[in-house]
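Take a look at the structure set out below.
The values are calculated or read from the model by the stated rules, or taken from the named source; none is laboratory data. From a predicted model like this one, the values you see are computed outputs, not experimental measurements. So basically every Cβ, Gly included, is an ideal-geometry build from the backbone, and we count neighbours across all protein chains shown. Just the protein is used for accessible areas: all its heavy atoms, side chains included, with ligands, DNA and RNA removed. Shrake-Rupley method; radii C 1.70, N 1.55, O 1.52, S 1.80 Å.
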Amino acid sequence: MYSPKWIKGLTISADWWHIDMRDIVSTLGAQFIIQTTRPPNGASTVVNSNGSSVTRSAGTNPTGEPGPVTLVLDPNQNISGAIFEGLDYEAIYILDSTIFGHGDWGRLTSTVNGTWLSRAELQPAPGTKRFGIAGEFLPTSFTLTSSLPRNRANFSIFYDGPADTWLGGLDVGAVVHWIGQYEDDNVSLVGTYDGGTPKQQTPRTDPVTGEDGAHARKVDTWVTFDLILNYTFNFPPPAPAEVPGFAKDGGKNVKMKDGKEKNVMPVSTAEYNPCGWRSWLNNVTLTVGVDNVTDEQPPFVAAAFENGYDQQTANNKGRLWFVGIKKRF
C-alpha cells in the first residue's frame, strides 16, 4: 500500500497472488469429458482411466461416424492440480473540498479496483501436461472454477455531503463494471483456441493473424453502469430534560435568594427515549438505485448451449430499479 505525500488523499495498493492447488476433489464437467474422449465410429461406450465414460448411440449417419452422445458419467475424482496466478490492484482518491479554503462542500471518493489474471493452468490427471485455461469461457458443468477473463475491473465515484448540514446524510454515486474480452470455448466449437502458448495448447490459433482459426470467436467486452443514492437522517440529540427523581434522604436543602434554606425534591438527569416522527425517522437510510442503466444485454457465447450467454460472469436481468429502507436502532 502506498500513499504519496505529494498527492493528498491518494492510496494505491497491489497484491500479486499465486495459488497452487493439488489433489483437488471435483468433477471435470460433461463438456470437458466429451471433448477429451476420442470415440470410435458408430455406437460406443468409452471408459476413461479416471472412471468417466461417454456413451454414444449408432445415429443415422451412413458413413459410420461417431453417433450422438446419450450418456456421460462424470464421477468425483482427484484432479492432479491447477495453478492460478495474477494481480489484484486498487487506487482510491479522496478529494476533500476543505483543501481549497472555501469551506466544507463535501468530498468526492473515486475508486478503481480490478484483477489481471496472468496464468491459469489445469492438469486433469497424473502424467498429463498442464494446459492453459486463462482467458477462456468454461462450461458451467466444470465445477472447479468459473470462466476466466484475463481482465476485469470496477470504477466508481461517490459524493458525500458536508457534515453538520442537511447534506451530511447524502451519499450518491455511480459504478462502472467492466469485463474484458475473452475466448469462447473454441475447442468444442471449431477445434482451435487463441490463448496460451504452443507448448500448452495444440492446435493453436494465432491471435494476430488468425491463421488456423478463422472461425474461432471471442466473447465481447461487457460494460454496465449503475447509479445509487442513499440518504441517512441524522437528527441532533435533544437536550436532556430534568425529571423528578428520588433520594434516600427525601430531598436536600437549597439556599434561596433571601439567604434562607429550603428543602426541595431532587432532580434527575435520566433521559427517556423521545417519541414522535423525529425519533422514528432518525437513523433511517433511504436508498434508490438503478443497475445496468443502459440496459446492456450480456454478450453472446456460442458454447453456452443452455442460454447463449456466460451466466458466470454476466446476467440477463437488464435494467433493474430498486428501493430500500433501513432503520438503525
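Every residue, every condition in (1) open to solvent by less than 40 Å² (accessible area, probe 1.4 Å); (2) at pLDDT below 90, yes or no:
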position: Ser118; (1), (2): yes, no
position: Pro126; (1), (2): no, yes
position: Glu136; (1), (2): yes, yes
position: Arg150; (1), (2): no, no
position: Ala153; (1), (2): yes, no
position: Ile157; (1), (2): no, no
position: Leu170; (1), (2): yes, no
position: Trp178; (1), (2): no, no
Among (1) of a type in the set (Phe, Trp, Tyr); (2) farther than 19 Å from Gly127 by Cα; (3) not in a loop (DSSP other than H, G, I, E, B), the one test that Phe32 misses: (2)
Residue in the stretch 71-89 that is farther than 30 Å from Thr27 by Cβ, surrounded by 14 or more Cβ atoms within 10 Å (Cβ to Cβ) and touching a residue at least 40 places away in the same chain (Cβ under 8 Å) present: yes
Any hit, the stretch 45-67, residues being loosely packed, with under 13 Cβ neighbours inside 10 Å and charged (D, E, K, R): yes
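Yes/no per residue for (1) in contact with a Phe, Trp or Tyr (Cβ under 9 Å, 6 or more places away or on another chain); (2) farther than 26 Å from Glu136 by Cα; (3) modelled with pLDDT of 75 or more; (4) of a type in the set (Ser, Thr, Tyr):
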| position | (1), (2), (3), (4) |
| --- | --- |
| Lys252 | no, yes, no, no |
| Pro274 | no, yes, no, no |
| Val290 | yes, yes, yes, no |
| Leu320 | no, yes, yes, no |
Residue among Thr27, Thr11, Thr36 that alone is of a type in the set (Val, Ile, Thr) and at pLDDT 85 or above: Thr11
Filtered residue count, the stretch 272-329, keeping only those that are open to solvent by 60 Å² or more (accessible area, probe 1.4 Å), within 24 Å of the chain's Cα centre (by Cα) and more than 30 Å from Lys218 (Cβ to Cβ): 7
Residue match in the stretch 222-233 (condition: assigned to a loop (DSSP other than H, G, I, E, B), at pLDDT 70 or above and within 30 Å of Trp280 (Cβ to Cβ)): yes
Residue satisfying all of: in the stretch 159-168; buried (at least 16 other Cβ atoms within 10 Å of the Cβ) and without any contact (Cβ under 8 Å) to a residue 60 or more places away in the chain; nearest to Pro299 (Cα to Cα) among these: Tyr159
